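Visitor: Sharing a structure here in structure tokens format.
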């Protein structure tokens, strides 16, 4: 039976809110959260403010809403969020989300960011490939061994590492304010960011994958709030929201500073292919080789704790839905595949993750919105089904359009992309799913209202 009363009727203390906020921060803030905003700053140049606003929508607001969606619907993860669309769709969506957060992109990225930011600048270019192989092998061997025992080592290490890492980051930020590399307001702007900086910033926020992470790991936060005695859905959602706001304010501040630093760095450095080299240049500029060595150590351990969280969640969820394969077997599969994909390099991982995120994010955004407002239409499946059907073609077309250049450099694919850009409103902005999704939602709500009236 559902709890309608709290076990703890007293308001949560500031210390308890900070505890939940710290958990949220640890769940959301990983290696990718450092490299993408600083790269965005380089791309946006003097348009960095409008780009930052777009990035904050998908990098801060959406992850917070995803955790709220889990709380409001009393879900246990991605599967439950998508369940109104049927078990088959929910299983497929769960597999895609966990594969994206797991062995395909996010988990390999923890090793490649560690290498690209912390170690690659200190290694001669000719040894770069073998160095990545060795470091990623050690990284995922350690990830597997820590996750194998399902212990709390990462939680304990995280309590020490996160504050140290944030202190180091704060020192670098302070130096960046006292001695800026350049004036962000006069830097050059890449072509894509001259007229659509907000929307490009919005899409760049997809790369953090935090909205997907919120759906996958939001139940951890909701459960933690319940353990503090806030067991009724209303008070649980309220406590989760306030803790989330505290956490995301910190994340948002860090993002804005990193975007600004990325823009100022154009005074001294060229636009990099991704944010890894830029972040390393920034830290080395202010803290020198000692700062770089310290950064490499802290980043390795911080990324390791993130990787352990990702592979553990993947193995637990897949074992729950596919119990014939044990937790430890799923763990080995994830770590093995992550090791292989990590050795493709950071740039390749980002290139191929973008199309997948362009496909998944419209579904995730609408499922989050539908979940939050589901009490208003009694979680009626018809509202979900019509809304999701309406965005399927635009989302698929967005995926094709964002494939790497060498994958679409043929007449057939170019014809499809030209058709897409010509006949789908806002296609060039990657937002062509918005109008169909809105129309689908309105139609679904009208049908729901007529059903209720009858």
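Visitor: Those residues that are loosely packed, with under 15 Cβ neighbours inside 10 Å and farther than 23 Å from residue 193 by Cβ, I need them from the stretch 423-446; list them, please.
Guide: Across the stretch 423-446, the qualifying residues are 423, 438, 439, 442, 446.
Visitor: Now for a different question. Scan the stretch 180-234 residue by residue and report those that are part of a loop (DSSP other than H, G, I, E, B), more than 30 Å from residue 9 (Cα to Cα) and in contact (Cβ under 8 Å) with a residue 24 or more places away in the chain.
Guide: 180, 181, 182, 183, 187, 188, 189, 190, 196, 209
Visitor: On to the next question. Kindly indicate which of 66, 50 is modelled with pLDDT of 95 or more and under 28 Å from residue 257 (Cβ atoms).
Guide: Criteria check complete, one pass: 50.
Visitor: Please enumerate the residues belonging to the stretch 307-343 that are part of a loop (DSSP other than H, G, I, E, B) and either farther than 22 Å from residue 213 by Cβ or not assigned by TED's automatic domain parsing to the domain that holds residue 26 (or both).
Guide: 323, 324, 325, 326, 343
Visitor: Do we have residue 355 as under 22 Å from the mean Cα position of the chain (by Cα) and at pLDDT 95 or above here?
Guide: When the stated conditions are applied, residue 355 passes them.
Visitor: Next question, about the same structure. Which number in (1) surrounded by fewer than 24 Cβ atoms within 10 Å (Cβ to Cβ); (2) under 21 Å from the mean Cα position of the chain (by Cα); (3) more than 24 Å from residue 25 (Cβ to Cβ) marks the one condition that residue 82 misses?
Guide: (1)
Visitor: Regarding residue 260, is this residue over 29 Å from residue 53 (Cβ atoms) and in the same structural domain as residue 36 (by TED's automatic domain parsing)?
Guide: Answer is no for this residue.
Visitor: Let me confirm something: among 87, 76, which residue is surrounded by fewer than 17 Cβ atoms within 10 Å (Cβ to Cβ) and either touching a residue at least 12 places away in the same chain (Cβ under 8 Å) or farther than 19 Å from residue 387 by Cα (or both)?
Guide: None of the others qualify; the one that does is 76.
Visitor: From the list 183, 207, 195, which one is within 17 Å of residue 34 (Cβ to Cβ) and either at pLDDT 90 or above or touching a strand residue (DSSP E or B) at 6+ places or on another chain (Cβ under 6 Å) (or both)?
Guide: Exactly one of 183, 207, 195 is within 17 Å of residue 34 (Cβ to Cβ) and either at pLDDT 90 or above or touching a strand residue (DSSP E or B) at 6+ places or on another chain (Cβ under 6 Å) (or both), namely 207.
Visitor: I need the full set of residues from the stretch 152-180 which are more than 25 Å from the chain's Cα centre (by Cα) and at pLDDT 90 or above, in order please.
Guide: Matches in the stretch 152-180: 174, 175, 176, 177, 178, 179, 180.
Visitor: The conditions are (1) over 29 Å from residue 192 (Cα atoms); (2) part of a loop (DSSP other than H, G, I, E, B), and residue 30 fails exactly one of them. Which is it?
Guide: Among (1) over 29 Å from residue 192 (Cα atoms); (2) part of a loop (DSSP other than H, G, I, E, B), residue 30 violates only (1).
Visitor: OK, next. Just wondering, is there one or more residues in the stretch 91-98 that are buried (at least 24 other Cβ atoms within 10 Å of the Cβ) and in a helix (DSSP H, G or I)?
Guide: yes
Yes or no, residue by residue, for (1) part of a loop (DSSP other than H, G, I, E, B); (2) under 16 Å from residue 82 (Cα atoms); (3) not assigned by TED's automatic domain parsing to the domain that holds residue 106:
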residue: 376; (1), (2), (3): no, no, yes
residue: 379; (1), (2), (3): yes, yes, yes
residue: 386; (1), (2), (3): no, yes, yes
residue: 396; (1), (2), (3): no, no, yes
residue: 409; (1), (2), (3): yes, no, yes
residue: 412; (1), (2), (3): no, no, yes
residue: 422; (1), (2), (3): no, no, yes
residue: 431; (1), (2), (3): yes, no, yes
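Visitor: A further question follows. In the stretch 267-281, what count of residues is obtained for those that are part of a helix (DSSP H, G or I) and touching a helix residue (DSSP H, G or I) at 6+ places or on another chain (Cβ under 6 Å)?
Guide: Residues that pass the stated criteria total 5.
Visitor: Determine, yes or no, whether residue 370 is at pLDDT below 95, outside the structural domain of residue 86 (by TED's automatic domain parsing) and not in a loop (DSSP other than H, G, I, E, B).
Guide: Spelling it out, it is not the case that residue 370 is at pLDDT below 95, outside the structural domain of residue 86 (by TED's automatic domain parsing) and not in a loop (DSSP other than H, G, I, E, B).
Visitor: For the stretch 37-57, what are the residues that are under 28 Å from residue 371 (Cβ atoms) and surrounded by fewer than 24 Cβ atoms within 10 Å (Cβ to Cβ)?
Guide: Scanning the stretch 37-57 gives 53, 54, 56, 57.
Visitor: Mind telling me which of the residues 294, 298, 215 ends up being at pLDDT 85 or above and either in the same structural domain as residue 64 (by TED's automatic domain parsing) or within 20 Å of residue 106 (Cα to Cα) (or both)?
Guide: After ruling out the rest, the residue left standing is 215.
The values are calculated or read from the model by the stated rules, or taken from the named source; none is laboratory data. Bear in mind the structure is a predicted one, so any value in this text is a computation, not a measurement. Reconstructed Cβ throughout: ideal geometry from the backbone, glycine too, with neighbour counts over all protein chains shown.
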